[in-house]
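**Q** Okay, handing you the structure first.
Just so it is clear, none of the values below were taken in a lab; they were calculated from the coordinates. Since the structure is predicted, the reported quantities are computational estimates derived from the model, not experimental observations. A quick note on method: Cβ atoms are made from the backbone with ideal geometry, for glycine too, and the neighbour counts reach across all protein chains shown.
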């Protein structure tokens with residue numbers, strides 16, 4: 001029997017049990033052996049009957065000292081009882097409606113019983129429905145596996161089947177090349193399987209777990225690196241003339257060194273004959289838009305079309321306004337295609353796009369509809385790519401012939417995680433802020449002095465400036481979050497109360513696009529003094545006159561999100577302020593929120609948030625379209641992420657096609673891991 005034999009071929013697994021295993025995603029022996037225990041029972045400490053603690057799970061070693069006694073309690077309830085002794089004390093063992101367990105115990109044989117000991121009187125001790133194993137077998141594995149289970153298939157049955165699989169399997173091929181195993185001191189696959197299911201010690205269990213974490217992350221990173229090179233075929237979308245200088249000369253400000261470097265990265269990529277596949281990652285306000293505009297300018301001036309896809313209509317509209325301004329007088333025809341575009345206008349845009357009359361199309365998911373056809377698409381730009389699935393990006397890219405790919409992100413991610421989240425991309429960092437960018441002062445206050453904060457907001461409004469108040473909920477209807485300030489309720493209270501006489505606006509995600517646009521346009525035009533909003537303003541709002549933002553219930557936001565929200569102010573020449581309001585007095589919450597108060601660097605904030613809270617939903621498979629992880633824990637396995645990145649990088653440099661028999665299983669596992677998304681043949 002080998003790893004890819006059906007689980008139904010194992011001893012004790014009939015068709016019915018095989019169906020139960022299939023419900024758990026287990027079809028082959030390999031699936032079974034990589035179905036890891038969710039926990040372990042410690043059978044390493046064994047007590048005598050009289051010394052065993054009560055009301056906690058413990059191991060007691062004793063001989064079966066009597067035959068099984070059968071007692072009927074009532075209809076459908078039978079108790080099977082027997083006596084167990086360690087030579088000094090006696091313990092009553094009971095099984096309810098489990099004749100099989102009771103009859104499996106042999107009179108005169110020594111067992112280790114695992115369960116809760118209860119007492120009655122001074123000396124009577126009992127254990128109900130214990131798990132048991134012959135005493136000599138506990139020496140083989142003092143840590144007993146506990147598996148996730150389904151109705152009809154319990155942990156003990158899974159354990160027995162795993163044991164049968166290990167005993168029956170005559171070959172344990174390893175997907176990690178021997179050179180890599182030796183370099184990182186990893187267990188072989190066979191040793192790791194035995195010690196993750198039936199560890200002989202906690203040290204060996206840790207080594208087995210480390211090996212499987214390494215394997216999972218190594219396979220993932222090899223897959224991402226292959227994904228990175230898969231579509232890098234030769235392209236005809238070559239930039240033969242560099243128009244970067246022409247574009248930059250028209251800008252009214254000086255670029256940072258980081259912007260110049262990133263523009264150079266894009267120009268070099270787009271000129272080499274292989275499609276660019278690059279991420280521009282930078283903090284809020286670091287100048288990503290101008291870098292992408294230079295790439296678009298170069299693309300269009302060389303005779304190609306370009307497209308930019310944004311996650312929301314608000315952001316798409318903001319980009320359309322910004323790019324139209326940057327390209328003013330250049331002859332570049334820019335258009336906007338979003339869900340709220342009228343049917344008549346959509347039809348006209350699509351016709352012009354297909355005929356090549358539109359050079360640059362900006363939009364939302366509307367860009368990836370089947371009837372959107374480009375004449376000569378040479379570059380795709382995606383903003384905040386973590387809000388799109390990998391397949392959505394590929395749908396956009398498929399509208400051209402191997403177009404260049406540029407992705408922008410203002411969501412700082414710890415470098416360790418960027419190996420995974422952006423493993424299929426080349427990375428350019430915008431790690432400088434443009435000159436003149438005013439630092440936003442940030443304060444954390446208790447909700448008891450909220451009115452003082454509102455007074456500070458009012459002071460700025462009187463001076464002719466604008467501000468935001470951000471709430472985590474739209475309606476205050478959730479019992480769980482009954483202390484949460486809701487935007488609609490707050491809007492009504494403040495309009496007739498503290499800010500009566502000022503022009504207030506309300507913005508939330510579920511508003512109709514036309515309503516949302518109307519509010520945004522009014523705020524940008526200065527017709528709204530104070531905008532009460534949910535996180536819909538996290539991206540897309542650029543109002544230089546907005547100088548103060550109050551974030552209610554700040555403890556309910558992630559630090560990256562708070563940093564993004566703070567970036568809505570400080571975009572002009574005026575000194576700006578961010579006030580975090582929190583009713584949570586937990587010291588850990590205060591420590592976390594003070595990271596925002598003390599830091600303005602988004603990457604430092606991301607690192608600290610990662611240290612305190614783990615990765616959260618940074619690596620959600622729903623967002624990224626990447627495989628989910630079964631064994632690795634991104635919060636505690638950061639060192640292994642680094643190791644596997646280096647190992648995968650070295651392997652791909654020397655053998656990018658994974659040629660050779662020793663790499664066949666690695667290639668197979670990579671394709672299996674990515675089988676629900678993008679294949680890497």
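**Q** Would you mind checking the tilt of helix 587-598 against the longest principal axis of the Cα atoms of the chain, expressed as 0 to 90 degrees and rounded to 10?
**A** Roughly 30 degrees, rounded to the nearest 10.
**Q** Order by neighbour count: 631, 262, fewest other Cβ atoms within 10 Å first, most last.
**A** Details: 631 17, 262 29.
Ascending number of Cβ neighbours within 10 Å: 631, 262.
**Q** Compute the acute angle (0 to 90°) between the alpha-carbon long axis of helix 313-326 and the principal axis of greatest extent of the alpha-carbon atoms of the chain; round to the nearest 10°.
**A** Helix 313-326 and the main axis of the chain meet at about 40 degrees.
**Q** What per residue convex hull volume, in Å³, do the alpha-carbon atoms of the stretch 233-297 yield? Please list the in-between numbers first.
**A** Values: hull volume 4.9 nm³, N = 65.
Taking only Cα atoms, the stretch 233-297 has a hull volume of 76 Å³ per residue.
**Q** Could I ask something else about it? So what is the relative contact order of the chain, in percent, for Cα pairs below 8 Å that sit 6 or more residues apart?
**A** Details: 1225 pairs, mean separation 85.4, N = 681.
Relative contact order here is 13 percent.
**Q** Next up: How much of the DSSP beta bridge set in the chain is antiparallel, as a percent to the nearest 5?
**A** On the way: 35 of 94 bridges.
Antiparallel bridges: around 35 percent, rounded to the nearest 5.
**Q** Report, largest value first, the span of the C-alpha coordinates of the stretch 441-613 along each principal axis, in whole Å.
**A** Sorted from largest, the Cα extents of the stretch 441-613 read 42, 40, 32 Å.
**Q** If you don't mind, there's one more thing I want to ask. Note the full-extension length gain between residue 188 and residue 448 as 0.36 nm times their separation in residues minus their Cα-Cα distance, in nm to one decimal. Numbers along the way, then the final one.
**A** Values: separation 260, 0.36 × 260 = 93.60 nm, distance 5.95 nm.
Going from the current span to full extension adds 87.7 nm.
**Q** Related question: At a 10 Å Cβ-Cβ cut-off, how would you order 645, 319, 563, fewest neighbours first?
**A** On the way: 645 20, 319 24, 563 28.
Listed from fewest to most nearby Cβ atoms, that is 645, 319, 563.
**Q** Turning to a different aspect of this structure: On a C-alpha basis, how far is the centre of the stretch 117-187 from the centre of the stretch 295-374 in Å? Whole number, if you could?
**A** 59
**Q** Which of the peptides 215-224, 240-249 is most tightly packed, and how do the rest follow, judged by the mean count of other Cβ atoms within 10 Å per residue? Let's see the in-between values first.
**A** Details: 215-224: 24.4, 240-249: 13.6.
Averaged packing, sorted descending, gives the order 215-224, 240-249.
**Q** Suppose the chain between residue 598 and residue 150 were pulled fully straight at 0.36 nm per residue; how much longer would it get relative to their current alpha carbon spacing?
**A** Numbers: separation 448, 0.36 × 448 = 161.28 nm, distance 4.87 nm.
Length gained between residue 598 and residue 150: 156.4 nm.
**Q** As a check on your grasp of the helix formula, calculate [θ] at 222 nm for the chain: sum -39500 (n - 2.57) over DSSP H runs of n ≥ 4, divide by the residue count, round to the nearest 500. Present the calculation step by step, with values, prior to reporting the outcome.
**A** Values: 24 runs with 257 residues, N = 681.
That comes out to -11500 deg cm²/dmol.
**Q** Using only Cα atoms, find the angle between the long axis of helix 288-301 and the longest principal axis of the chain, and express it within 0 to 90 degrees, rounded to the nearest 10.
**A** With rounding to tens, the tilt is 60 degrees.
**Q** Percent of Cα-Cα pairs per 10 Å bin, from 0 to the last occupied bin, for the chain, please list those.
**A** Histogram of Cα-Cα distances, whole percents per bin: 3, 12, 18, 19, 17, 14, 9, 6, 2, 0.
**Q** By per-residue mean of other Cβ atoms within 10 Å, what is the highest-first order of 647-658, 158-169, 110-121?
**A** Working: 647-658: 14.8, 158-169: 18.7, 110-121: 16.8.
Per-residue Cβ counts within 10 Å, averaged per peptide and sorted highest first, yield 158-169, 110-121, 647-658.
**Q** So how do 171, 426, 383, 92 line up by other beta-carbon neighbours within 10 Å, fewest first? Intermediate values should be presented prior to the final figure.
**A** On the way: 171 8, 426 13, 383 27, 92 16.
Ordered by Cβ neighbours within 10 Å, fewest first: 171, 426, 92, 383.
**Q** Same structure again: Can you give me the C-alpha center-to-center distance between the stretch 81-114 and the stretch 495-573, rounded to a whole angstrom?
**A** Each part's Cα centre sits 69 Å from the other's.
**Q** Taking only the alpha carbons of the stretch 244-430, what extent do you get along each of the three principal axes, in Å, biggest first?
**A** Result for the stretch 244-430: principal-axis Cα extents of 46, 36, 33 Å.
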